[in-house]
Amino acid sequence: GLELSDAQNRQLAGGLVSLYAATMALSDIEHTVAVRLSEAAGGGQKIGREVPAQVVDKGEGFPGPDWAIIKIDIENAPTIPLGDETRIVTGAPLYIVGFPGSPTFFQGASVDSVNQPTITEGSVTSIKSTEDGLPIFQTQAPAAGGNSGGPAFNEDGEAVGVLVAGALDPRTGAPLDGQTWVLQGGTVKEALDRHGIVDTTSETTEVYAAGLEHFYADRFSQAVAEFVRVKSL
């Protein structure tokens, strides 16, 4: 058979791509949206389950208001509270929760590891805004591709923003370590209000919190009873 050099193979591949781009068309494209939920499995492990989702509304990509409201049909899902982002000052700690690509899907990762979120911590280095007046936090909390859309928590475990982007080196375009942008929670609240969505605490979260209170007060039998309720919910 014909043997080609690496350079000739690249030329051939490039020519085929150009040919296909000029002569082919895509049709009957199906677009679906799903949310992957992390669920408990045997032995304290976690598995992922995809649930169909609906995009209710969304903003423009960063530096616009980069948010999305996604609805899933599921009962008793755990909830997290929304905090007051106006109380965040420069130097305050933020905790970023998400699924950055490399630490989540590292080579040889178990199913359980893929479904474990990554939590990073860093201070708010500055409070800024875009030229359109969109308020954002600048933070040293490390983040990477895949963190986008993840919540930023204050010390009380309340969500005060959404991580949306990272600063880039103007010369190379590479991400700058420890300088990421968090969309302030007020922008998200405005979007929720426009759709009549009220921030409420689910029964699952209330029961789980009660179980934790018993646990840390050494009332273990009462804690177990609450955690069993959580599991049933």
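The values are calculated or read from the model by the stated rules, or taken from the named source; none is laboratory data. Only a predicted model underlies this, so the values are computations on that prediction, with no experimental measurement involved. Using ideal geometry, Cβ is built from the backbone for each residue, glycine included, and neighbour counts are taken over all protein chains shown. We work out accessible area using only protein heavy atoms, side chains counted, and drop any ligands, DNA or RNA first. Shrake-Rupley method; radii C 1.70, N 1.55, O 1.52, S 1.80 Å.
Given the criterion open to solvent by less than 60 Å² (accessible area, probe 1.4 Å), within 18 Å of the chain's Cα centre (by Cα) and modelled with pLDDT of 90 or more, identify the matching residue among Gly211, Gly157, Gly166.
Gly157
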Check: On the given criteria, is Ala34 of a type outside the set (Ser, Thr, Tyr), open to solvent by less than 70 Å² (accessible area, probe 1.4 Å) and at pLDDT below 90?
Finding: no
Notebook entry, point to check: Taking strands (runs of 3 or more DSSP E) that fall entirely within region 1-72, which contain at least 1 residues that are of a type in the set (Ser, Thr, Tyr)?
Noted result: 34-40
Check: Considering only residues of region 104-126 that are under 24 Å from Gln179 (Cβ atoms) and within 14 Å of the chain's Cα centre (by Cα), which is surrounded by the fewest Cβ atoms within 10 Å (Cβ to Cβ)?
Finding: Ile119
Notebook entry, point to check: Given Asp218, Asp193, which one is open to solvent by 50 Å² or more (accessible area, probe 1.4 Å), on the phi > 0 side of the Ramachandran plot, at pLDDT 90 or above and not β-branched (Val, Ile, Thr)?
Noted result: Asp218
